[in-house]
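Visitor: Below are the structure tokens for one structure; questions will follow.
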Amino acid sequence: MGKIKSAKQMERHLKGISNHYRIKILLLISDQPDITLEGIVDNIKANEKTIGEHTRRLYVAGLINKSYRGKFREHNLTPYGKMLVKFLKSFQSVQ
């Protein structure tokens, strides 16, 4: 088992998912790794500036990575992002 996170460190990750757009973005990146911002905007049907700000917040929270491929920026989940997606999917299907 790895190093135990403090409550403050866990708060940073949990605040990162505290918006319905961010949850949708995490789930989408989980299903479509290397998706670009344009791909996220097309799938979620929201304003590009709004989605850009939410991806920035997910990045700051340590839940996604961004990398350039040419002029496009691709998005992938970090290990913490993958853990939270696993939680979100299990939480989503609880009845």
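Visitor: Could you give me the residue pairs with C-beta distances under 7 Å whose first residue belongs to the stretch 70-83 and is within 18 Å of Leu27 (Cα to Cα), whose second residue is among the small types (Gly, Ala, Ser) and assigned to a helix (DSSP H, G or I) wherever it lies, and which are 6+ apart or on separate chains?
Guide: Here the result reads Leu77/Ser30, each pair linking the stretch 70-83 to a residue that is among the small types (Gly, Ala, Ser) and assigned to a helix (DSSP H, G or I).
Visitor: Would you mention how many residues in the stretch 6-52 are more than 22 Å from Ser90 (Cα to Cα) and out of contact with any helix residue (DSSP H, G or I) (no Cβ under 9 Å at 6 or more places or on another chain)?
Guide: Residues in the stretch 6-52 being more than 22 Å from Ser90 (Cα to Cα) and out of contact with any helix residue (DSSP H, G or I) (no Cβ under 9 Å at 6 or more places or on another chain): 9 in total.
Visitor: His54 versus (1) in contact with a Lys or Arg (Cβ under 6 Å, 6 or more places away or on another chain); (2) modelled with pLDDT under 95; (3) part of a helix (DSSP H, G or I); (4) not aliphatic (A, V, I, L, M): which is the lone unmet condition?
Guide: Status for His54: all satisfied but (2).
Visitor: Can you tell me which residue within the stretch 75-95, out of those that are modelled with pLDDT under 90 and not small (Gly, Ala, Ser), is nearest to Gln32 (Cα to Cα)?
Guide: Residue satisfying both the conditions and the ranking: Gln92.
Visitor: Spot the failing condition for Thr50; the list is (1) under 19 Å from Ser18 (Cα atoms); (2) surrounded by 13 or more Cβ atoms within 10 Å (Cβ to Cβ); (3) touching a residue at least 24 places away in the same chain (Cβ under 8 Å), and only one is missed.
Guide: All conditions are met except number (2).
Visitor: Shifting gears a bit: Out of (1) surrounded by fewer than 15 Cβ atoms within 10 Å (Cβ to Cβ); (2) at negative phi, the odd one out for Asp34 is which?
Guide: The one condition Asp34 does not meet is (2).
Visitor: Which condition from (1) among the β-branched types (Val, Ile, Thr); (2) in contact (Cβ under 8 Å) with a residue 40 or more places away in the chain; (3) surrounded by fewer than 16 Cβ atoms within 10 Å (Cβ to Cβ) is the one that Ile23 breaks?
Guide: Status for Ile23: all satisfied but (3).
Visitor: Just to be sure I understand, how many residues within the stretch 15-51 are modelled with pLDDT of 95 or more, part of a helix (DSSP H, G or I) and farther than 18 Å from Phe72 by Cβ?
Guide: Of the residues in that region, 10 qualify.
Visitor: May I pose another question? If only one of Arg12, Arg57 is surrounded by 14 or more Cβ atoms within 10 Å (Cβ to Cβ) and more than 23 Å from Phe72 (Cβ to Cβ), which one is it?
Guide: Arg12
The values are calculated or read from the model by the stated rules, or taken from the named source; none is laboratory data. Everything numeric here is computed off the predicted structure, so don't read it as measured data. FYI the Cβ positions are ideal-geometry reconstructions off the backbone, even for glycines, and counts take in every protein chain you see.
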